[in-house]
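*Asks:* One structure is given below, represented as structure tokens, and several questions about it will come after.
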Amino acid sequence: MKIVDTHVHVWELASGRCPWQPIGKLRPDFQWTIEQQVAAMEQNNIACGIIVQTSWYGYDNRYGIDCLRRYPGRFAFVGMVDPAREDIENEMERLANQGVGGLRLPVLLRPDLPWYGTPQTDRMWRQAGELEWVLCLLVTLEQVLEARRTIEQFPQVKIAIDHIAHPDLETPPGGSLFAQLLKMANLPNVYVKVSALAAISRLPYPHRDVLEQVKRAFDAFGPQRLMWGTDHAMTQKIRNYSLQQALNSVDTALKDASPEDRAWVKGGTATRVWKLDCAG
């Protein structure tokens, strides 16, 4: 199985061609272009990546779509759509026709966004199921647990929870809410990304506090519903955390798992979920 990074951010500095329309407070003072990302992946034997729309591009998905066109077969793209727009089904279909394969819901950054539990948001979830999109949830533990009923209501929609939902590392072993997240393993449409580990951790590399939560997620969800990711290049810039260290962290956390199971986490699961045909 080939290695797939399920959480990649790429962007250029704000310009007339690709303006920034931030929906949160993040505004990096550097760029990380698709060319830089491809070079980094090739240096680290990473075959494919899932580009996740940055919050500073907002609902303008042009750069990510352009990346798909320039590197066919190398990436999938998870875009963003305003969940309150009236023509949401049409907009999602328009993006799907341009190759978009999922929808990011950045609730952690914008808890005011409507994203579940209303007739309007039900339309979004229903259309995601029709398009066979993956919904990537940038959420806290509280937020994802509150949405459990909607996740159960739409079993045809694959859910990928970003960054293991930011577990509480001050209350070993992850707090009561993390234990409730693990119980969501009984929902077959729920997947967990073990991503941005360095940003979540309170300890230096190899970040053993968060590795314990990776192991617990593996035990609950199994290798075929866990997906490795980096949050590259944000986490790497902030914490000076290399791609090789990110790969090593998963191997350290899952040192007792078989090589085959670790291969599922590092690429096999993502390949199946996003129907990738990695050329790398």
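*Asks:* What is the residue count in segment 73-91 for residues that are open to solvent by 10 Å² or more (accessible area, probe 1.4 Å) and more than 17 Å from the chain's Cα centre (by Cα)?
*Replies:* Residues that pass the stated criteria total 9.
*Asks:* Failed condition for ILE46, given (1) within 26 Å of GLN245 (Cα to Cα); (2) hydrophobic (A, V, I, L, M, F, W, C); (3) not in a loop (DSSP other than H, G, I, E, B), with all others met?
*Replies:* Going through the list (1) within 26 Å of GLN245 (Cα to Cα); (2) hydrophobic (A, V, I, L, M, F, W, C); (3) not in a loop (DSSP other than H, G, I, E, B), ILE46 breaks only (3).
*Asks:* Touching a residue at least 40 places away in the same chain (Cβ under 8 Å) and touching a Pro at 6+ places or on another chain (Cβ under 6 Å), is that true of GLN213?
*Replies:* yes
*Asks:* Quick one: what pairs do we get from segment 106-121, first residue more than 11 Å from ILE23 (Cα to Cα), second outside any loop (DSSP other than H, G, I, E, B) and β-branched (Val, Ile, Thr), C-beta under 7 Å, 6+ apart or different chains?
*Replies:* PRO114/THR121; TRP115/THR121; TYR116/THR150; GLY117/THR150
*Asks:* When THR230 is evaluated against the numbered criteria (1) closer than 30 Å to PRO72 by Cβ; (2) open to solvent by 10 Å² or more (accessible area, probe 1.4 Å); (3) outside any helix (DSSP H, G or I), which criterion, by number, is the only one it fails?
*Replies:* With respect to (1) closer than 30 Å to PRO72 by Cβ; (2) open to solvent by 10 Å² or more (accessible area, probe 1.4 Å); (3) outside any helix (DSSP H, G or I), THR230 is out only on (2).
*Asks:* If LEU177 passes every condition in (1) over 26 Å from THR150 (Cβ atoms); (2) at pLDDT below 95; (3) more than 18 Å from the chain's Cα centre (by Cα) but one, which one does it miss?
*Replies:* Among (1) over 26 Å from THR150 (Cβ atoms); (2) at pLDDT below 95; (3) more than 18 Å from the chain's Cα centre (by Cα), the lone unmet condition for LEU177 is (1).
*Asks:* Could you grab the pairs with beta carbons closer than 6 Å, sequence gap of 6+ or different chains, first residue in segment 129-140 and closer than 17 Å to HIS166 by Cα and in contact (Cβ under 8 Å) with a residue 40 or more places away in the chain, second one part of a helix (DSSP H, G or I) and charged (D, E, K, R)?
*Replies:* Once the first residue is closer than 17 Å to HIS166 by Cα and in contact (Cβ under 8 Å) with a residue 40 or more places away in the chain and sits in segment 129-140, its partners that are part of a helix (DSSP H, G or I) and charged (D, E, K, R) give CYS136/ASP162.
*Asks:* Being in contact with a helix residue (DSSP H, G or I) (Cβ under 9 Å, 6 or more places away or on another chain), open to solvent by 10 Å² or more (accessible area, probe 1.4 Å) and in a helix (DSSP H, G or I) is the filter here, so list the residues in segment 92-122 that pass it.
*Replies:* GLU93, ALA96, GLN120, ASP122
*Asks:* On to the next question. All but one of (1) part of a loop (DSSP other than H, G, I, E, B); (2) touching a residue at least 12 places away in the same chain (Cβ under 8 Å) hold for PHE77; which doesn't?
*Replies:* It fails just one condition, (1).
*Asks:* In segment 106-135, which residues are touching a Pro at 6+ places or on another chain (Cβ under 7 Å) and not β-branched (Val, Ile, Thr)?
*Replies:* LEU113, PRO114, TRP115, GLN120, MET124
*Asks:* Given the options GLY49, GLY24, name the one that is within 26 Å of ALA165 (Cα to Cα), under 19 Å from the mean Cα position of the chain (by Cα) and at pLDDT below 95.
*Replies:* Sole residue among the options that is within 26 Å of ALA165 (Cα to Cα), under 19 Å from the mean Cα position of the chain (by Cα) and at pLDDT below 95: GLY24.
*Asks:* Count, please, the residues in segment 12-32 that happen to be polar (S, T, N, Q) and in contact (Cβ under 8 Å) with a residue 60 or more places away in the chain.
*Replies:* 0
*Asks:* Which members of segment 233-244 meet the condition of being open to solvent by 50 Å² or more (accessible area, probe 1.4 Å) and assigned to a helix (DSSP H, G or I)?
*Replies:* Result: LYS237, ILE238, ARG239, GLN244.
*Asks:* Among ASP251, ASP277, which is over 23 Å from ALA128 (Cβ atoms) and either open to solvent by 30 Å² or more (accessible area, probe 1.4 Å) or assigned to a loop (DSSP other than H, G, I, E, B) (or both)?
*Replies:* Answer to the selection: ASP251.
*Asks:* Scan segment 15-72 residue by residue and report those that are open to solvent by less than 40 Å² (accessible area, probe 1.4 Å) and closer than 19 Å to VAL107 by Cβ.
*Replies:* Passing the criteria: ILE23, GLY24, ILE50, VAL52, GLN53, THR54, SER55, TRP56, TYR57, GLY58, ASN61.
*Asks:* Would you confirm, using the coordinates I've provided, whether ASP256 is in a loop (DSSP other than H, G, I, E, B) and open to solvent by 30 Å² or more (accessible area, probe 1.4 Å)?
*Replies:* yes
The values are calculated or read from the model by the stated rules, or taken from the named source; none is laboratory data. Since the structure is predicted, the reported quantities are computational estimates derived from the model, not experimental observations. Note that each Cβ is placed from the backbone with ideal geometry, even for glycine, and that neighbours are counted across all protein chains shown. These area figures cover heavy atoms from the full protein model, side chains too; ligands, DNA and RNA do not enter into them. Shrake-Rupley method; radii C 1.70, N 1.55, O 1.52, S 1.80 Å.
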